[in-house]
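Everything below concerns the one structure shown next.
The values are calculated or read from the model by the stated rules, or taken from the named source; none is laboratory data. What you see is a predicted model; the values in this text were computed from it and never measured. Every residue, glycine among them, receives a Cβ derived from its backbone with ideal geometry; neighbour counts consider all protein chains shown. Ligands, DNA and RNA are excluded from the accessible area calculation, which covers all protein heavy atoms including side chains. Shrake-Rupley method; radii C 1.70, N 1.55, O 1.52, S 1.80 Å.
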Amino acid sequence: MSGSEIAKAWAALEAHRQSWCARTIADLFAADPHRFDRFHVRLDDLLFDFSKHRLDDETLGLLIDLARAANVEARRAALFAGEPVNVTEHRPALHMALRNLSGAPMFAGGRDVMPDVLAELRKIFEFAEAVRNGEITAANGQRFTDIVNFGIGGSDLGPAMAGRALSPFIADHLSLHFVANVDGADFADTMRRIPVETTLFVVCSKTFTTIETMTNAETARKFVASRLGEAAVPDHFCAVSTQLDKIAAFGIKSDRVFGFWDWVGGRYSIWSAIGLSLAIGIGKDNFEEFLRGGEDIDKHFAAAPLERNIPVLMALLGVWYRNLWGYATHAVIPYDQRMARFSAYLQQLDMESNGKTATLDGARTGRATAPVIWGEPGTNGQHAFFQLLHQGTEIVPIDFLIAAEPTAADEKHHELLFANCLAQSQAFMLGRSIDEVAARLEAQKMSPEAIAALAPHRLFEGNRPSSTFLYQRLTPRALGRLIALYEHKVFVQGVIWNVNSYDQWGVELGKELAVKLTPIVADADLSTTGLDSSTAGLIEARRRLGVA
Ligand code: F6P
């Protein structure tokens, strides 16, 4: 659709936004006892409750108008058709093919990718099962006990997050570990805890050039050679990349090399061979279930009308708060300790995808794009940053995530967890007025003067929006669904903000400068002349501390 229709849709939303000044979410619930029924969507056991938002039918209609004006439906079709939606790198973004278990053709550059995808998946499963059941062993003939994944960003966060989320599904005799940071402490602290004799190292890097991963892999190679002998090295390494020639140079056996394709963005690669360590941990059947969860959401996203389409609704709510209310951050709070890395995972997914200023045609955007995504598990967050969420001057829209029942945990604990999750979203929505506060203090026989002094500090303004995702249990399929929901949400927001969600040029400058600075940091004889005074001053200060 035309630019003028998009402008009209934004203008209608801006006018509508003004009508919200005097209304609260609590008013909407009071006026409509069926509000929950009208503002939730169910997909099997997954329920998305978006009733606790500053939203009515008109708001929703106007947001859907914006999505239509921005051509979300046509752009969605282009995404699934394998068109080069990543316009700066001239590539499709076809991660959906990785979880297309039906094998129905999907095309990238006019070629059906499914035969290659399914063949690679079979190879991954064969290797993963052989490591699990001890057919593939360590150099000493023993079964592997520990898997160490080297990777960073998308080559770490996905398997690390999912490995923790799905820990009850990991074989008892295996432990997964994730080393990402170029800080040598990451590798050293990991290896202090585990026996190298029965450790398999998985080197994951889409480009196979990332300095952190290559440095850690080289260090590990030397470590294995020094502890177990050079001959043991091939038995203890395998690798995942799109750059198979570079892997050969590292000396990894050709039957331990797993590939994927340039149409899989790093932050969308958990579904590919990058998930190898996870597949070893949870096994073929569970990994397939994980993929099936992603596939469920692809089908829903591709077919459901925009008004009942969960990723579309998530995206539009985000746009509503980011662009019309000016809220700069968005919290994701899983009430699930095993989901402790989920927000970190979403940070890369969302902020690396839509943290952009240039629109598709290269102009500078006039609108805010991705918010800062952050979060920690509940209930822990309640005792830390929830103070600000309840009474601070920043309004932070929140996603609460919770399972109806625990996986391998105590039922009594889960009742408490569940009640806390609901209590928080209720408290954010309802708040507590100054009159209610005063009445409670009066009932405690407090003097009027003391009440007047204390009441403002105990006031909760409420009207703070949140969504809740409820699902039966945190199974591989449930996790697959959650991840894919957020992936498609990010896509829809990218379409509305008219940015390329699939490149990440913003990470390049720092990498380049680090390459230039490393020799100067390493060699005290090299001059700092020509550097800005802060950078030079810090390098010289380090030298004065006797380092380098
Ligand atoms: O620096 C950012 C980034 O390129 C991410 O997009 C990517 O997930 C990560 O680095 C790791 O890259 P690679 O898998 O090529 O090592």
- Message: Considering only region 483-506, I want to know if a residue exists there that is within 16 Å of the ligand (Cβ to nearest atom), in contact (Cβ under 8 Å) with a residue 24 or more places away in the chain, over 22 Å from ASP296 (Cα atoms) and exposed (fewer than 12 other Cβ atoms within 10 Å of the Cβ).
- Response: yes
- Regarding PRO92, is this residue away from the ligand (no atom under 16 Å from the Cβ), farther than 30 Å from ASP503 by Cβ and either under 20 Å from the mean Cα position of the chain (by Cα) or modelled with pLDDT of 95 or more (or both)? no
- Task: Identify the single condition in (1) touching a helix residue (DSSP H, G or I) at 6+ places or on another chain (Cβ under 7 Å); (2) closer than 24 Å to ALA231 by Cβ; (3) more than 11 Å from the ligand (Cβ to nearest atom) that LEU166 does not satisfy, given that it satisfies every other one.
- Result: (2)
- Query: Which of the residues belonging to region 164-200 are open to solvent by 30 Å² or more (accessible area, probe 1.4 Å) and in a helix (DSSP H, G or I)?
  - Reply: ARG164, SER167, PRO168, PHE169, GLY184, ALA185, ASP186, ALA188, ASP189, ARG192, ARG193, GLU197
- Of (1) open to solvent by 60 Å² or more (accessible area, probe 1.4 Å); (2) modelled with pLDDT under 95; (3) not in a helix (DSSP H, G or I), LYS412 satisfies every one except (3)
- Message: Need pairs with beta-carbon distance below 6 Å; first residue closer than 23 Å to GLN391 by Cα and within region 434-454, second not in a helix (DSSP H, G or I); sequence gap 6+ or separate chains.
- Response: ILE434/LEU459; VAL437/LEU459
- Task: Could you list, in sequence order, all residues of region 514-548 that are surrounded by 13 or more Cβ atoms within 10 Å (Cβ to Cβ) and of a type in the set (Val, Ile, Thr)?
- Result: ILE520, VAL521, THR528, THR535, ILE539
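This table checks each residue for (1) small (Gly, Ala, Ser); (2) closer than 22 Å to TRP505 by Cα; (3) more than 15 Å from the ligand (Cβ to nearest atom).
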position: VAL233; (1), (2), (3): no, no, yes
position: ALA239; (1), (2), (3): yes, no, no
position: LEU244; (1), (2), (3): no, no, no
position: ILE247; (1), (2), (3): no, no, no
position: LYS253; (1), (2), (3): no, no, yes
position: TRP271; (1), (2), (3): no, no, no
position: ILE274; (1), (2), (3): no, yes, no
- Item | Options ARG227, ARG256: the member that is open to solvent by less than 60 Å² (accessible area, probe 1.4 Å) and farther than 16 Å from SER155 by Cβ | ARG256
- Message: For ARG99, only one of the following conditions fails: (1) under 26 Å from the mean Cα position of the chain (by Cα); (2) open to solvent by 10 Å² or more (accessible area, probe 1.4 Å). What is its number?
- Response: (2)
- In region 214-222, is there at least one residue being open to solvent by less than 10 Å² (accessible area, probe 1.4 Å) and within 13 Å of the ligand (Cβ to nearest atom)? yes
- Query: Among ALA9, ALA15, ALA26, ALA31, which is open to solvent by 80 Å² or more (accessible area, probe 1.4 Å) and hydrophobic (A, V, I, L, M, F, W, C)?
  - Reply: ALA31
- Query: When you go through (1) touching a strand residue (DSSP E or B) at 6+ places or on another chain (Cβ under 9 Å); (2) crowded, with 21+ Cβ neighbours inside 10 Å; (3) within 18 Å of THR199 (Cα to Cα) one by one for ALA128, which number turns out not to apply?
  - Reply: (1)
- Item | helices (runs of 4 or more DSSP H) wholly inside region 285-391 containing at least 1 residues that are open to solvent by 30 Å² or more (accessible area, probe 1.4 Å), farther than 29 Å from PHE178 by Cβ and of a type outside the set (Ser, Thr, Tyr) | 386-391
- Every residue from region 188-206 that is within 16 Å of the ligand (Cβ to nearest atom) and either free of Cβ contacts under 8 Å to residues at least 24 places away in the same chain or in contact with a Ser or Thr (Cβ under 6 Å, 6 or more places away or on another chain) (or both): VAL202, CYS204, SER205, LYS206
